[in-house]
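Okay, handing you the structure first.
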Amino acid sequence: MPTLEDPVRLATEQALGRHAGQPGNLMPILHDIQHQLGHIPEAAVPMLANALQLSRAEVHGVISFYPHFRQAAPAGITLEICRAESCQAMGANALIDHTRKKLGCDFHEHSTDGKVALEPVYCLGLCAQSPAIMLNGQPHARITPSKIDRLLAEKGV
Ligand code: FES
């Protein structure tokens, strides 16, 4: 049995308490836990299974079925790469290949060190300066693989 960190136990108990007795309450409980902790930690699963008289596999099944639910803490850095037409015409695919290799992950995943969440975006309004990316909400234009390396290095990646 995994040792529960106190914040996980607290968040899970609070979510269970807020939705106690409601039919079909697993979904609102999961949303509640993710809202509190930013993700649904593994340690919450046995507590939920016991409290709701479900198997751990059933709880896991729901968490993994819905892409909205995160099983790992959100990464500190979010890198969005534009995949829309103008950026594609200006080399976004090569940029995407380079970034996937560098981070060791695909879109909708975290880098192998867990620091970077890689996400696609569809037009940042910078088409005249393609290809474009967004790094932690900050747009950058005319991006090359070496520029992306430099921007990530500035963030400690
Ligand atoms: S297509 Fe990439 S910014 Fe518009």
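Values quoted throughout were computed directly from the atomic coordinates according to the rules given, and no laboratory measurement underlies them. Model, not experiment: these values are computed from the prediction. Reconstructed Cβ throughout: ideal geometry from the backbone, glycine too, with neighbour counts over all protein chains shown.
Give the aspartates and glutamates reachable from K115 as a straight Cα distance under 17 Å; neighbours fewer than 8 places away on the same chain don't count.
Here the aspartates and glutamates satisfying the reach criterion relative to K115 are E80, D106, D149, E154.
Same structure again: What residues qualify as long-range amide H neighbours of E119, i.e. H under 5 Å apart, gap of 5 or more or another chain, H built at 1.01 Å from N?
L79, E80, I81, H108
Can I ask one more? Any chance you could get the radius of gyration and Dmax over the Cα atoms of the stretch 6-65, in Å?
Over the stretch 6-65's Cα set, Rg and Dmax evaluate to 10.1, 27 Å.
Related question: With axes computed from alpha carbons, what is the tilt in degrees of helix 56-65 against the longest principal axis of the chain, rounded to the nearest 10 within 0 to 90?
Relative to the chain, helix 56-65 is tipped by roughly 30 degrees.
What percentage of all Cα-Cα pairs in the stretch 1-148 are separated by more than 24 Å?
Value for the stretch 1-148: 45 percent of Cα pairs lie more than 24 Å apart.
Ok, one more. Give, as ranges by residue number, the residues of the stretch 102-118 whose backbone N falls under 17 Å from the point 7 Å along Cα→Cβ of S64.
109-110
Would you pull out the residues with amide H under 5 Å of A84's amide H, same chain only if 5 or more places away, H placed 1.01 Å from N?
The answer is C123.
Moving on to the next point. Please check: in the Gaussian network model of the chain (C-alpha springs, under 10 Å), which one of P46, P23, P67 has the largest mean-square fluctuation.
P23
Related question: Mind checking which lysines have their Cα closer than 16 Å to the Cα of K147? Skip sequence neighbours fewer than 8 apart in that chain.
Candidates past the 8-residue exclusion: K101, K102, K155.
In degrees, nearest 10, range 0 to 90: what is the angle between the Cα axis of helix 145-154 and the longest Cα principal axis of the chain?
50
Now for a separate question. Give me a comma-separated list of calculated 3J(HN,Hα) values for the stretch 25-35, in order, Karplus coefficients 6.51, -1.76, 1.60 applied at θ = phi - 60°, integers in Hz, x for any Gly or Pro.
Coupling constants for the stretch 25-35: 8, 4, 4, x, 5, 5, 4, 4, 5, 5, 4 Hz.
Moving on to the next point. Give the distance, in whole Å, between the Cα centre of the stretch 4-34 and the Cα centre of the stretch 68-85.
25
Another question about this same structure. If you plug each phi of the stretch 85-99 into the Karplus form 6.51 cos²θ - 1.76 cosθ + 1.60 with θ = phi - 60°, what whole-Hz ³J(HN,Hα) values come out, in order, with x for Gly and Pro?
4, 5, 5, 4, 5, 9, x, 4, 5, 5, 5, 5, 4, 4, 6
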